[in-house]
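Step one of this worksheet: look at the structure below.
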Amino acid sequence: MDFQDRFFRSLFLGASALSALVTVAVLCFMVLLCLPVLKLDFIRHVLTAPWSPGQGQFGILPMMAGTICIAFLSLVISFPISLGCSFFIEILKPKGKGNLLKKLVQFMTAIPTVIYGFVGVFLLVPFIREIFAYGSGMCILSASLMLGLLISPTLILFFSQSFSRVPQSYLNAVDALGGTTWQKLYHVILPHAWKGMLTGIVLAFGRAMGDTLIALMISGNAVVMPSSLLDSARTLTAHIALIFAADFDSMEFKILFISGIVLYMMTSLGILFTRGLDRKGPA
Amino acid sequence: MKTNIQIRMENLWFYYHDRVILEDIHAEIEKNAITAISGPSGQGKSTFLMILNRLWENIDGAKVKGKVEIDFGKGFEDVYHESYPVHQLRRRVGMVFQTPNPLPMSIYKNIAFPLTLMGEKNQATLSHRVETALKKAFLWDEVKDRLLENAETLSGGQQQRLCIARALVPEPDILLLDEPTSSLDEASIRVIEALLLELKKSCTIILVSHYMDQIGRIADHRLVLSERKLRPAPDKARDIQNRIEK
């Protein structure tokens, strides 16, 4: 191996080691910062009690529930739409229109989140309020719908890519045997593409959990355990942003790092869970 | 003579974007015979086959003009008529590709796949027809103990016979083969040739091949496709002319 080979090998190795290290370093940083409040009793308190700093209660359970509800619901909303879109783009391929749609979807990724937030506040929220004639319209449903739209480009682009990787020979085989387009999707494309699709789902779910602005602007930010789709809720990310903007060095502020760790853990668990699915499933 | 024709093409043109690939093709293909098409590479032999099962419709920018009529026992039908269901056509006109293309599933499932597509769920019927098809394709003895293994673990020759067996399952009237032996060894080639000779009793076979010796061994009729035209092969030209006049 000559010098150039060795140089590039160590360069790339260094780059990947660095990015892996950052992930770990973030976790260490957060643990370090919340060491002062990191006692078993207190963690139990944080994970189970309600949030009421005035009464000395610093539980983040409502925010955890809000995060999971909104992220999961946005995925449920976005999944079928994205599946349909990518199928349209890659398999049905109506002359020219498929590509146009793909370009549009790629463009969607470049729209700042705050714009989605605006649209949500001025269009979606009043709409939901009028349709259901309940509350302010700032609720889990509105936030999930908007967040579903926000994560759909991730899903669509990943799904399209997985679909386009299905070998043409498989598609020809089904076509030549007189299979319909739907049979092709069901029998060949989905079984072949689902692993790639899973990666997209993991990333989209991570994005939905980690997104701050949509939830902050549209979900209403009420610190209560959500009991219906029309209830307001606060996510962990919005919670962190809200407290961070208004506070410093108080007890509430210190709790933020625990919130951060919990968010980190929830995302990691989501990823590990889907990885596990991936390994168990058939090749 | 006319009673024995199964496929009739008239004034057929094929375009790819604005390029003419096939020009004013007229052809009549005999039932229960092997018709071989040869010619230089890249001149549209595969395209010619794909016209018969309309598989070219998947190609972006391709266009066909002209008339293709096939007699499936009820007189000639225009298979390009708007109301003609393409899925039904493809069950009657089977196709085997140059590179074997088993689906990523078990041998059994591959063969049963056309029946699955037709909605057949009866296990007894399925296993009976899988066995029949594999026997027809001279593959049964080699795979009967490993039906649940992935079809992609078979050898190239076996894979190609698997694809032939799969194409035979819907009991097609016509079988299109696109250089089916080009990636195979001599022994596999002989098996497939013997298979085709057997199959022509129940099937009309159109074979694209550039092995002249192969064509000589098994073909009843020879056509050559070159410079966008389909013509009878030189040495057989008079032979076919005689037939048409009869």
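So what is the relative contact order for the stretch A:62-280, in percent, with contacts set as C-alpha pairs under 8 Å and at least six apart? Mind dumping the intermediate values first?
Working: 288 pairs, mean separation 65.9, N = 219.
Normalised by residue count, the contact order of the stretch A:62-280 is 30 percent.
Pop the C-beta distance of A:A133 and A:I68 into the FRET formula with R0 = 22 Å and round what comes out to the nearest 0.05.
On the way: r = 27 Å, r/R0 = 1.24.
That gives a FRET efficiency of 0.20.
Between the stretch B:46-80 and the stretch B:156-209, what is the C-alpha centre distance in whole Å?
About 21 Å separates the Cα centre of the stretch B:46-80 from the one of the stretch B:156-209.
Could you point to the residue in A:L101, A:L13, A:Q57 farthest towards the positive end of chain A's charge dipole, with +1 and -1 charges on the Cβ of Lys/Arg and Asp/Glu respectively?
Towards the positive end, the residue furthest out is A:L101.
If Lys and Arg each add +1 and Asp and Glu each add -1, what is the summed charge of the other residues whose beta carbon sits under 12 Å from the beta carbon of B:L225?
Working: positive: B:K45, B:R222, B:R228, B:K229, B:R231; negative: B:E23, B:E227.
Here the count lands on +3.
Any idea which of B:I7, A:F205, A:L145 is furthest toward the positive side of the dipole for the protein assembly as shown, if Lys and Arg beta-carbons carry +1 and Asp and Glu beta-carbons -1?
Highest projection toward the positive end goes to B:I7.
Between B:Y84 and A:W182, what is the label-to-label distance in nm when each label sits 7 Å out along the Cα-to-Cβ direction?
That separation, rounded to one decimal, is 2.5 nm.
Using the number of other C-beta atoms within 10 angstrom as an exposure proxy, rank A:F72, A:F8, B:F14, A:F3 with the fewest first. Walk me through the numbers on the way to the answer.
Values: A:F72 15, A:F8 10, B:F14 22, A:F3 7.
Ascending number of Cβ neighbours within 10 Å: A:F3, A:F8, A:F72, B:F14.
Rounded to the nearest 0.05, what FRET efficiency do B:F76 and B:K201 have when you use their Cβ-Cβ distance and R0 = 25 Å? Walk me through the numbers before you get to the answer.
Working: r = 23 Å, r/R0 = 0.90.
Using R0 = 25 Å, I get an efficiency of 0.65.
Give me the distance in nm between label points sitting 7 Å out from Cα along the Cα-to-Cβ direction at B:E186 and A:Q4, one decimal.
Going by the 7 Å Cα→Cβ label model, 4.6 nm.
What does the net charge come to around B:N53 if you take all other residues with beta carbon closer than 13 Å to its beta carbon, with K and R at +1 and D and E at -1? Mind dumping the intermediate values first?
Details: positive: B:R54, B:R90, B:R91, B:R92; negative: A:D175, B:E57, B:D173, B:D178.
Computed value for this residue: 0.
Arrange the following residues from fewest to most other Cβ atoms within 10 Å of their Cβ: A:I243, A:I151. Intermediate values should be presented prior to the final figure.
Numbers: A:I243 17, A:I151 26.
So the ranking, lowest neighbour count to highest, is A:I243, A:I151.
Under a 10 Å cutoff between Cα atoms, tell me which one of B:K109, B:K31, B:K74 has the largest fluctuation in the Gaussian network model of chain B.
Maximum fluctuation in the GNM of chain B, among the listed residues, is at B:K74.
If I require 20 Å or longer along the helix axis, counting alpha carbons, and a Kyte-Doolittle average no lower than -1.0, what helices from chain A are left? Use full DSSP H segments. Walk me through the intermediate numbers first.
Numbers: long enough: A:3-33 (43 Å, 1.60); A:61-87 (39 Å, 1.86); A:140-164 (34 Å, 1.65); A:190-210 (29 Å, 0.75); A:251-280 (44 Å, 0.87).
Both cut-offs are met by A:3-33, A:61-87, A:140-164, A:190-210, A:251-280.
In cubic angstrom, how much convex hull volume per residue do the alpha carbon atoms of the protein assembly as shown span? Walk me through the numbers on the way to the answer.
Working: hull volume 127.6 nm³, N = 529.
For the protein assembly as shown, the hull spanned by Cα atoms encloses 241 Å³ per residue.
Assign one of three labels to the stretch B:114-246, namely rounded, prolate or oblate, based on the Cα gyration tensor with a ≥ b ≥ c the square roots of its eigenvalues; rounded applies when a/c is under 1.5, prolate when it is not and a/b is larger than b/c, and oblate otherwise. Mind showing how you got there, number by number?
Working: a/c = 2.61, a/b = 1.84, b/c = 1.42.
Prolate shape, in that a/c is at least 1.5 and a/b is the bigger ratio.
Over all directions, average the projected area of the Cα convex hull of the stretch A:62-280 and note it in nm².
Values: hull surface 56.3 nm².
Mean shadow area of the hull around the Cα atoms is 14.1 nm².
Take every DSSP beta bridge whose two residues both sit in the protein assembly as shown, then give the antiparallel share in percent to the nearest 5.
Values: 26 of 44 bridges.
Taking every DSSP beta bridge with both residues in the protein assembly as shown, the antiparallel ones total about 60 percent.
Name the residue, out of B:N122, B:N32, B:N53, whose mean-square fluctuation peaks in a Gaussian network model built on chain B with Cα pairs under 10 Å.
Comparing B:N122, B:N32, B:N53 in a Gaussian network model of chain B, the most mobile one is B:N122.
For the stretch A:21-87, compute Rg over Rh where Rg is the Cα radius of gyration and Rh is the Kirkwood radius from the inverse mean 1/r over Cα pairs. Display every interim value, and only then the final one.
On the way: Rg = 17.8 Å, Rh = 14.9 Å.
With Rg and the Kirkwood Rh in hand, the quotient comes to 1.19.
Counting other beta carbons within 10 Å of each Cβ, put A:R234, A:R6 in order, fewest first. Show your work: numbers first, answer last.
On the way: A:R234 25, A:R6 10.
The most exposed by this proxy come first: A:R6, A:R234.
Of A:K102/B:K67; A:K184/B:K31; A:K95/B:K63; B:K31/B:K63; A:K102/A:K195; A:K93/A:K184, which pairs sit farther than 25 Å apart, going by alpha carbon to alpha carbon? Before the final figure, lay out each step's value.
Details: A:K102/B:K67 36 Å; A:K184/B:K31 31 Å; A:K95/B:K63 13 Å; B:K31/B:K63 27 Å; A:K102/A:K195 21 Å; A:K93/A:K184 14 Å.
Correct reply: A:K102/B:K67; A:K184/B:K31; B:K31/B:K63.
Report, please, the projected area of the stretch B:2-245 averaged over directions, based on the convex hull of its C-alpha atoms, in nm².
Numbers: hull surface 54.2 nm².
For the Cα atoms of the stretch B:2-245, the hull's average projected area reads 13.6 nm².
Counting only other chains, what is the mean number of Cβ atoms within 10 angstrom of the Cβ of each residue in peptide B:99-108?
Values: counts 2, 2, 9, 3, 10, 8, 4, 0, 0, 0.
That works out to 4 on average.
Read the figures in this text as sums done on the coordinates, not as results from a lab. This is a predicted model, so every value here is computed, not measured. Ideal geometry is used to build each Cβ from the backbone, glycine not excepted, and the neighbour counts take in all protein chains shown.
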